[in-house]
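Read the structure below first, then the notes.
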Amino acid sequence: MRIVAEELVAVQTPAYRSPWALTILSLLFERPMHPYEMRRLARERGKDEHVDLRPGSLYRTIERLERARLVEPVETTREGRFPERTVYQLTPHGREELQDWMRELLSTPMKEFPQFLHALSVLPVLEPDDALSQLEKRVLYLEGELAAMETRLRRLDGLLPRLFVLEEEYAMAQRRSELEWVKGIIGDIRTGRLTWSQEQLKEEFGHLSAGQPVDLRIVDTKGEVPDMA
């Protein structure tokens with residue numbers, strides 16, 4: 001049996017794409033506005049939990065979007081002693097790019113590599129008791145984060161339609177799923193169903209670090225090893 005891997009073609013992501021860029025484009029999709037108003041609306045709608053709302057990041061992102069001809073200034077206003085404020089709007093190209101970007105984000109799962117996934121891939125660096133202690137701390141953090149999310153949703157209930165808090169629902173679903181999974185791993189470590197020692201790993205798998213090839217054979221449902229030739 002031969003295993004043929006389909007070649008994946010990497011598509012370069014435009015440099016201006018970022019969470020802030022998506023937020024800015026979506027706000028300007030509603031109507032033209034100046035950066036201060038963008039930041040205020042993003043905060044009022046709870047987007048600051050998922051986007052870096054520092055003013056510097058906002059203005060740098062607007063500059064990148066303007067260079068890409070996705071947004072353009074339409075007027076500059078001044079109120080009293082406040083600094084001048086430039087009002088931006090979407091260009092026709094920006095509107096098209098926003099909709100194409102949204103279709104891509106909704107339809108195609110992206111490969112993401114969260115730090116927790118990286119840590120799990122090298123979990124044996126810690127002994128089981130140490131790993132258990134750290135995962136128990138993670139449970140407490142996740143429980144606190146979920147409680148805060150629930151409070152935010154209750155605060156926004158009645159102020160915003162559900163359409164504008166879907167990302168918060170999704171984030172909560174992810175956190176609940178992670179919490180349940182981590183609790184399962186904690187239980188397995190406590191009962192010994194999942195355990196290891198660095199000495200045992202060196203004895204059983206030390207040959208891998210010596211550069212010896214790994215025999216990745218596939219066993220079929222009858223327990224037989226098929227011919228890989």
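For the stretch 113-143, residues that are more than 12 Å from Ile189 (Cα to Cα) and assigned to a loop (DSSP other than H, G, I, E, B) total 4. Whenever a residue of the stretch 21-35 is without any contact (Cβ under 8 Å) to a residue 24 or more places away in the chain, its partners that are among the acidic types (Asp, Glu) and in a helix (DSSP H, G or I), lying with C-beta atoms within less than 9 angstrom and at least six residues away or across chains, give the pairs Leu27/Glu37.
Among residues that are touching a residue at least 12 places away in the same chain (Cβ under 8 Å), farther than 30 Å from Glu199 by Cβ, touching a Gly at 6+ places or on another chain (Cβ under 6 Å) and not in a loop (DSSP other than H, G, I, E, B), Arg64 is not included.
Bear in mind that the values in this text are calculations on the coordinates, not laboratory data. These numbers were taken from a predicted model, which means no experiment stands behind them. Note that we place each Cβ from the backbone using ideal geometry, even for glycine, and neighbour counts take in every protein chain shown.
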